[in-house]
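Participant: Once you've had a glance at the structure underneath, I'll fire off some questions.
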Amino acid sequence: MDLPLSVNIPLDYVSDQALRLQLYRRIASIASESELKQLKEEFKDRFGKLIEPVENLFFQLNIRLLGERAGLTSITNEGEQIVLRFPSPPNGAFIPDLPPIGYQTRVGKNSYWMRFDASDDEWKERLVKVLNDIIQK
């Protein structure tokens, strides 16, 4: 996963290094949206309002979970596109084209390419919608 976001738990949010490492391990082990929601609430209770890099971290975790449910192998930022890739087909295997989904995306053989503009704050919302549409198809 490579999204154009600053994601971390800053020192001024959680100053204890051992605790930050423990939190990163917990984050890496999250396997469901309910676990993600619980951990996000725990962060708010323990450390206060989520600051941007932490909020971005939780957003990226949500995207990872949605991507896994959609069957994607990667979600990357490539220039002005966010690319959602499915596994490559075996050599010589026929794969039908992916269905169009809208939301300023174009279809590749085994991927969707979503337009990305850093000045457009709605790209995150569009990405979630695209992933949910892929899951529902």
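What follows is calculated from the coordinates using simple rules that are stated; it is not laboratory data. Since this is a predicted model, take the numbers as computed values, not measurements. Because the Cβ atoms are built from the backbone with ideal geometry, glycine has one as well, and the counts that use them run over all protein chains shown.
Participant: Principal axis extents for segment 1-65, Cα atoms only, whole Å, descending order, please.
Facilitator: Ordered largest first, segment 1-65 gives principal extents of 27, 25, 20 Å.
Participant: Using a Debye calculation, one point per C-alpha and no hydration shell, please list log10 I(q)/I(0) for segment 71-137 at q = 0.13, 0.26 Å⁻¹ in order.
Facilitator: Ignoring solvent entirely, the Cα scatterers give -0.35, -1.25.
Participant: Filter the trypsin sites (Lys or Arg not before Pro) in segment 1-57 down to the DSSP loop ones having no more than 11 other Cβ atoms within 10 Å, then list what survives.
Facilitator: Counting only loop positions with at most 11 other Cβ atoms within 10 Å, the trypsin sites (Lys or Arg not before Pro) in segment 1-57 are K49.
Participant: DSSP loop (so not H, G, I, E, B), at most 10 other Cβ within 10 Å: list which chymotrypsin sites (Phe, Trp or Tyr not before Pro) in segment 79-125 pass both filters.
Facilitator: F94
Participant: Now a separate question. Taking only pairs that are 8 or more places apart or on different chains, how many Lys pairs in the chain have Cα atoms under 19 angstrom apart?
Facilitator: 7
Participant: I need the calculated FRET efficiency for the pair E52 and A31, taking r as the beta carbon distance and R₀ as 25 Å, to the nearest 0.05.
Facilitator: Plugging the Cβ-Cβ distance into 1/(1 + (r/R0)^6) gives 0.50.
Participant: For the pair S119 and K137, how long in nm is the line joining their label points, each one 7 Å along Cα→Cβ?
Facilitator: Distance between the two pseudo-spin positions: 3.0 nm.
Participant: While we're looking at this one, here's another question. Expressed as cubic angstrom per residue, what is the convex hull volume of the alpha carbon set of the chain?
Facilitator: Residue-normalised Cα hull volume stands at 125 Å³.
Participant: If each residue of separation counts as 0.36 nm, what is the full-extension length gain between L21 and V128 once their alpha-carbon separation is subtracted? Write down the numbers at each step before the final one.
Facilitator: On the way: separation 107, 0.36 × 107 = 38.52 nm, distance 2.79 nm.
Extra length available between L21 and V128 comes to 35.7 nm.
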